[in-house]
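The values are calculated or read from the model by the stated rules, or taken from the named source; none is laboratory data. Because the structure is a prediction, the values reported are computed rather than measured. Please note: Cβ atoms are built from the backbone with ideal geometry, for glycine as well, and neighbour counts cover all protein chains shown. For accessibility, only protein heavy atoms count, side chains too; no ligands or nucleic acids. Shrake-Rupley method; radii C 1.70, N 1.55, O 1.52, S 1.80 Å.
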Amino acid sequence: MQKGNIGVTTENIFPVIKKFLYSDHEIFLREMVSNAVDATQKLKTLAQQGEFKGELGDLTVHVSLDKDKGTITISDRGIGMTEEEIDKYINQIAFSGVNDFLEKYKDNANNIIGHFGLGFYSSFMVSKKVEIITRSYKDGSKAVKWSCDGSPAYEIDDAEREDRGSDIILYLDDDCKEFLEKEKIQQLLTKYCKFMAVPVAFGKKQEWSSEKKEMVDTADDNVINNVEPLWTKAPSTLKDEDYQSFYRTLYPMSDEPMFWIHLNVDYPFNLTGILYFPRIKSNIDLQRNKIQLYCNQVFVTDQVEGIVPEFLTLLHGVIDSPDIPLNVSRSYLQSDREVKKISTYITKKVADRLQAIFKEDRKQYEEKWDDLKLFINYGMLSEESFYDRAKDFTLMKDTEGKYFTFDEYKTLIESAQKDKDGNLIYLYATDKEEQYSYIQAAKDKGYSVLLLDGQLDVPAIQMLEQKFEKSRFTRVDADIIDRLIVKDDAPKSTLTDDESANLSQVFRSQMPKMDKTEFMVEVQSLGENQRPVVITQNEWMRRMKEMSRFQQGMNFYGQMPDSFNLVLNADHRLVKEILSTLNSQLSTVLQPIESELKGQEARLAAINQQQSGKKADELTQDDKDMKADCEKAVQEQKDKKQEVLNGFAAQNDIIHQLIDLALLQNGMLRGEALDKFLKRSVDLIK
């Protein structure tokens, strides 16, 4: 028997490994099975090269549990090890010193095992003792047993093993007994090993026994993996059904993918894989982390942000590369030049595939556009280089369901939708039903309206306004139709300032009180055929509020109240009738108030002019009192006038009806207000 100490500079290396890697301790099984698969692959390589002339036989790797002994055993028929090889590969762990080690990695334990090649030692995260019983494939080799109890001390002794290969026996710690449960091991093997290149068996296949009324073991091994997954095969040998079937294997509960890309490159790096385009419509976050990263068919992680651009994390599928620098402890991806090359390559392949589909079958591409749009918008917003590629196959859809490229749509609207300053105005709606009347008003003017109802359309608008020359996007309900695309100077109102002010006040006084909502009232000459009252919302403010949902630092806008404009059409018959009724009913009451108001305002103007050349400390108390009294008198007359106008408005059903119609058009009339509107509507029908 040989005894010795593992080549470390301190006795506390195993507690360090256990402490640092505890949160990711399930990867021990992946490491053990990967080592067994590697040993088997090496034997197959030696056989191909003629250096091993024996029978390969069954090369299945077996994983087994023994609850009574508290062990997990991983067995292979690979190359095995001699006593000298155990000493070289197992006993000699070169550390520069555990103090340097701890200092270097105290804030980033992710690198420990991968950096130092400690895959085998991940077994001590869950084991109080580990044994290796191994026999080399070399002629004349004898079996040896290596054992270690989690301290640097180890023992090597002779052992009995008839065949080549290795058994790794893990005696589990008391706090890791969960790994003695069959379901747990089945879950981990399925997660990490389902595509390993050598068969991996765990227990036996089961079938239903009508005699015992339960599932019973058969004689056949329960092989948990597919040794030739789809991405390892040549694309020319595969059909659409193969890709769809493999997708169902990866994501059993998902809808069918739209299409896919088969990656296959061996220079300047090795990379294979299949990326699928899922049907994405909303909620980006729920779609993330569906790309599985493999290294030589061994599962590493589904957190792929470090290897593919952020927008490509919306894709599903598999990437396999031995060239990606990995960390086996938490599968942490190092960000280096190789990773960036791979990222750039994948982005280009995705863009090329989309471009090809667009050119080859535009009709099919248009049919899938609503599912593709979120993905492409996300890509253009987050990757400048992707915008440069995607601008030629990104589509715009109008409210009639027709699709256009950027250039096609610009050509369509160029003649009709330029304002007087030469800006090209892209009109859009976000909801065809809610904004129907605004859309119709634009169409009546000969304008085209885009439908931008996607989750990322508002941020995309911001981007496109920067990319497109002299262009602006405006929602159809952002203003009255004649001010959406200003062709000429606005027509002057035929009303006097007092008449406009009185109209504004009577409508303003009857506007409903809504939480976090403000209404401004203005009077415009819109033409006698336009609606009497229109509600609009400022494009810039609404867009800022919408953007606050996506961008940190814009919460200020999100907290601001919604601001709407109620635009009264001075040319419409009903508005004229209200003004006429107001003048006839209130002229006698308002005339003395307005006369007094004008007199007091003239007096206040004179006082202000008289005091304008004086500093505050030069004014006497009498000066201050005189001005204060005059300001009070002005306000009293304004209040009197407002009270009279408010009283008139409160009794006028037409004012209430017009306000409610405008609110109803914008989906803002609900509850009691809607009920009152319905009753009033019945009463107004003669």
Quiz prompt | Alpha-carbon centroid distance for the pair region 337-387 / region 398-470, whole angstrom | solution = 23 Å
Quiz prompt | Simple spin-label estimate for Glu228 and Asp158 in nanometres, 7 Å along Cα-Cβ | solution = 4.5 nm
Self-check item: Extension gain (nm, one decimal) between Glu577 and Thr620, 0.36 nm per residue minus Cα-Cα
Solution: 10.4 nm
Self-check item: Total formal charge among the other residues, if their Cβ is under 11 angstrom from that of Glu594, Lys/Arg +1 and Asp/Glu -1
Solution: +1
Quiz item: How much solvent-accessible surface does Glu85 expose, in Å² to the nearest 10, with a 1.4 Å probe and all protein chains in place?
Solution: 40 Å²
Practice problem: Answer with one residue from Val506, Met463, Gln530: the one whose Cα lies farthest towards the positive end of the charge dipole of region 457-540, charges on Cβ with Lys, Arg +1 and Asp, Glu -1. | Solution: Met463
Quiz item: By its C-alpha gyration tensor, with a ≥ b ≥ c as the square roots of the eigenvalues, how is region 529-686 shaped: rounded for a/c under 1.5, else prolate for a/b larger than b/c, else oblate?
Solution: oblate
Quiz item: Suppose every K and R has +1 on its Cβ and every D and E has -1 on its Cβ; what is the size of the dipole of region 364-422 about the Cα centre, in Debye to the nearest 20?
Solution: 60 debye
Quiz prompt | Charge sum, other residues only, whose C-beta stays under 13 Å from Thr517's C-beta, Lys/Arg counted +1 and Asp/Glu -1 | solution = +2
Quiz item: To the nearest 0.05, what FRET efficiency results for Arg362 and Asn423 with a Förster distance of 35 Å applied to their C-beta separation?
Solution: 0.70
Quiz item: Just the accessible area per residue of the chain, please: how many Å² with a 1.4 Å probe?
Solution: 51 Å²
Quiz prompt | For region 460-547: relative contact order, % (alpha-carbon pairs under 8 angstrom, 6 or more apart) | solution = 38 percent
Quiz item: Got a sec to turn the phi values of region 459-471 into Karplus ³J(HN,Hα) couplings, 6.51 cos²θ - 1.76 cosθ + 1.60 with θ = phi - 60°, whole Hz, x for Gly and Pro?
Solution: x, 5, 4, 4, 5, 5, 5, 7, 7, 7, 7, 6, 9
Quiz item: Gln462 versus Gln591, label points 7 Å from Cα toward the beta carbon: distance in nm?
Solution: 5.8 nm
Quiz item: With each run of n ≥ 4 DSSP H residues scored as -39500 (n - 2.57), what mean residue ellipticity at 222 nm is computed for the chain after dividing by its residue count and rounding to the nearest 500 deg cm²/dmol?
Solution: -13000 deg cm²/dmol
Quiz item: Going by the alpha-carbon gyration tensor, a ≥ b ≥ c the square roots of its eigenvalues, is region 419-544 rounded (a/c under 1.5) or, if a/c is not under 1.5, prolate (a/b greater than b/c) versus oblate?
Solution: prolate
Self-check item: Three-way shape call for the chain based on the alpha-carbon gyration tensor, with the a/c threshold at 1.5
Solution: prolate
Quiz item: Can you give the % of DSSP beta bridges in the chain that are antiparallel, to the nearest 5?
Solution: 75 percent
Practice problem: Any chance you could run the full-extension gain for Thr249 through Asp562? It's 0.36 nm times the residue separation minus the Cα-Cα distance, nm to one decimal. | Solution: 107.9 nm
Quiz item: Using the Kirkwood radius built from alpha carbon pairs, what does the Stokes-Einstein equation give as D for region 342-439 at 10 °C and 1.306 mPa s, in µm² per second?
Solution: 104 µm²/s
Practice problem: On a C-alpha basis, how far is the centre of region 162-202 from the centre of region 600-679 in Å? Whole number, if you could? | Solution: 81 Å
Quiz prompt | For Asn226, residues with placed amide H under 5 Å, excluding near neighbours | solution = Phe195, Met196
Exercise. On the protein heavy atoms, probe 1.4 angstrom, tell me the percent of accessible surface of the chain carried by carbon and sulfur.
Key: 46 percent
Practice problem: Please calculate the 1.4 Å probe accessible area of Asp622, with all protein chains present, and give it to the nearest 10 Å². | Solution: 120 Å²
Quiz item: So if we plug the beta-carbon distance of Met514 and Tyr436 into 1/(1 + (r/R0)^6) with R0 = 22 Å, what FRET efficiency do we get, rounded to 0.05?
Solution: 0.50
Quiz item: So who's got an amide H within less than 5 Å of the one on Lys204, skipping anything under 5 residues away but keeping other chains? H placed 1.01 Å off N, in plane.
Solution: Asn222
Exercise. Note down the magnitude of the dipole of the chain about its Cα centre, charges +1 on Lys and Arg C-beta and -1 on Asp and Glu C-beta and zero elsewhere, to the nearest 20 debye.
Key: 700 debye
Practice problem: Would you please name the trypsin sites (Lys or Arg not before Pro) within region 154-215 that are DSSP coil residues with at most 12 other C-beta atoms within 10 Å of their C-beta? | Solution: Lys212, Lys213
Quiz item: So how far apart, in nm, are the two label points at Asp388 and Lys44 if each is 7 Å from Cα heading toward Cβ?
Solution: 4.2 nm
Exercise. State the answer as a single residue: which of His62, Asn608, Tyr378 lies farthest towards the positive end of the charge dipole of the chain, with beta carbon charges of +1 for Lys and Arg and -1 for Asp and Glu, about the Cα centre.
Key: Asn608
